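Visitor: The structure's right below; bear with me while I get my questions together.
The values are calculated or read from the model by the stated rules, or taken from the named source; none is laboratory data. The structure displayed is predicted, hence computed values, not measured ones. Using ideal geometry, Cβ is built from the backbone for each residue, glycine included, and neighbour counts are taken over all protein chains shown.
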Amino acid sequence: MSSVLVIGAGPAGLAAAVAARDAGARVTLLDSGDGLGGQYWRHLPPQRPSRREARLHHGWSAFERLQGRVRGDDGIEVLTEAQVWAIETAAAARSAGGPAIAARVLIGPSDAAGRESRRLTADAVVLAPGAHDRTLPFPGWHLPGVFSAGAAQALAKGERIAVGRKAVVAGAGPFLLPVAQSLTSAGTDVIGVYEASRLPTLARGWLPHPQRLLRTAHKGLELAGYAAHHLARRVPYRLGRAVVEARGDGRVEEVVTARLDADWAPIPGTERTVAVDAVCVSHGFTPRLELPIAAGCAIGPDRFVLVDADQRTSVGGVYAAGEITGIGGVDAALVEGRIAGRRAAGGEAPRADLRLRRATTDLARRIETAHGIRSGWTSWLRGDTVVCRCEEVPYGRLRAAAAATEQTALRSLKLTTRAGLGICQARMCGRTVEELTGADPSRSATDTSDRRPLAAPIRLGDLAELATPPNGDSA
Ligand SMILES: Cc1cc2nc3c(=O)[nH]c(=O)nc-3n(C[C@H](O)[C@H](O)[C@H](O)COP(=O)(O)OP(=O)(O)OC[C@H]3O[C@@H](n4cnc5c(N)ncnc54)[C@H](O)[C@@H]3O)c2cc1C
């Protein structure tokens, strides 16, 4: 019987694990979180279950079905609180037809001492680590009370914590609507949702070939549900407007919004000031590329993992599914997971799934055309606007370093300014630093903010343990 290791238990990983098992493989499914479901089905921890989850999540019954399958099947080993912190490539083993890669895993509560260390291998691996949300900097975004929309939503969905009493949600993309709904459900008064793209740009993305949207029409219904929720609560939804500054004495007390031109540059004279105690901002998503890059997978010019029609990456035996191959939403993640799981186990992908994947790929393109970041946003920065929050590097210093050194190599600019070298390891600011300094990571596979040989912070003691043989050897 073949074995498949699935990394990430969001929609893509769950679907891959079930599909691989259905195709006859023995499966190991792991996730660094304490539960299954990933970002989309983020819920209260297992020790504090709630009957309200079904009302708070779309597709909750699909999640329960998938979770029931993976938890109730002896052929699927499920590991939670299992952090893959490094990927080892094994060129020699691969050429001998052996496992493509091995995952170094620490199992136990995040950052706890004495976590169990394992090295997992399998005949095939499905990478499904998802994405995190991207937030563009603006003056005052380092103040307490400014949240990435994903973090605010995680607190609302995963802990039922409201980030403030009065908030605005801003940025770009359909994601702003469920975030605003999560906030209102947690008790926050959302006084406005600001989408940076203007109507003509949205129309360019969403209107052409409407018949192609039929296969993903229920996603439109989901969005209509959010819109109805906000209409009922009189939450205004404004197009072509952004939060361009947050102000306050020690924490956010007000934000400045401004109308944007088609390129997202603020239009002078359109500024409005709104009193709030929380701001939730998201300008799209950045795929988590550290594991695929460590595995040696080819990355495309749009900075997603390159896959073929079978979700196969450029590395033999390694498949990729979900947000690391493109931002297409939960349906894309599920169908890609099913295809990857079946193919990784040596089975065939159903034709219906291949057709559905074409539709979800179309959806991903529309989202990028309608809501993708435009270059004019840099004009809302000031010299003292912090770009890297971990290392407190302001825009002016970054620009001066780039000009003084005439450098476009990212590594050199990072070492000169320390931007991107802090605790988040450039997850928050990496793409922004690249754009602001003119660094061009497409020229080099190694000089990119997405390359992190250690995929997660680990204790020096755990590293030292590597000198002794780890427990377990295969999935
Ligand atoms: C913050 C955020 C909020 C979102 N909210 C919504 C929403 O409200 N509505 C909506 O329609 N879409 C939302 N999306 C998009 C939606 O969640 C995705 O379309 C879908 O979840 C993608 O599925 P996935 O399986 O690719 O990734 P994910 O759901 O992100 O799952 C990836 C899993 O991999 C795990 N993982 C990552 N790296 C490692 C590692 N090194 N070791 C072990 N495990 C690892 C993560 O813990 C995670 O559970 C959101 C996305 C994000 C990032």
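Visitor: Can you confirm whether region 109-130 contains a residue that is on the phi < 0 side of the Ramachandran plot, basic (Lys, Arg), within 10 Å of the ligand (Cβ to nearest atom) and in contact (Cβ under 8 Å) with a residue 40 or more places away in the chain?
Guide: The answer is no, given that none of the residues of region 109-130 is on the phi < 0 side of the Ramachandran plot, basic (Lys, Arg), within 10 Å of the ligand (Cβ to nearest atom) and in contact (Cβ under 8 Å) with a residue 40 or more places away in the chain.
Visitor: For region 270-356, which fully contained strands (runs of 3 or more DSSP E) count at least 2 residues that are under 15 Å from residue 128 (Cβ atoms)?
Guide: 285-287, 318-320
Visitor: So residue 137 passes all but one of these: (1) within 20 Å of residue 8 (Cα to Cα); (2) modelled with pLDDT of 95 or more. Which condition number does it fail?
Guide: So the condition that residue 137 fails would be (1).
Visitor: Do we have residue 204 as out of contact with any Leu (no Cβ under 9 Å at 6 or more places or on another chain), touching a residue at least 60 places away in the same chain (Cβ under 8 Å) and surrounded by fewer than 16 Cβ atoms within 10 Å (Cβ to Cβ) here?
Guide: Taking the combined requirement at face value, the residue satisfies it.
Visitor: If I filter region 147-161 down to residues being surrounded by 24 or more Cβ atoms within 10 Å (Cβ to Cβ) and either within 20 Å of residue 386 (Cα to Cα) or more than 11 Å from the ligand (Cβ to nearest atom) (or both), which single residue comes out as farthest from the chain's Cα centre (by Cα)?
Guide: Going through the qualifying residues, I end up with 147.
Visitor: In addition: Run down 447, 462 and say which single residue is in contact with a Ser or Thr (Cβ under 8 Å, 6 or more places away or on another chain), of a type in the set (Asp, Glu) and either at pLDDT below 85 or exposed (fewer than 14 other Cβ atoms within 10 Å of the Cβ) (or both).
Guide: 462
Visitor: Just name the residue that is nearest to the ligand (Cβ to nearest atom) out of those in region 19-43 that are among the aliphatic types (A, V, I, L, M) and either surrounded by 24 or more Cβ atoms within 10 Å (Cβ to Cβ) or under 25 Å from residue 153 (Cβ atoms) (or both).
Guide: 30
Visitor: Just one of 55, 65, 104, 69 is within 16 Å of the ligand (Cβ to nearest atom), within 23 Å of residue 454 (Cα to Cα) and of a type in the set (Lys, Arg); which is it?
Guide: Answer to the check: 104.
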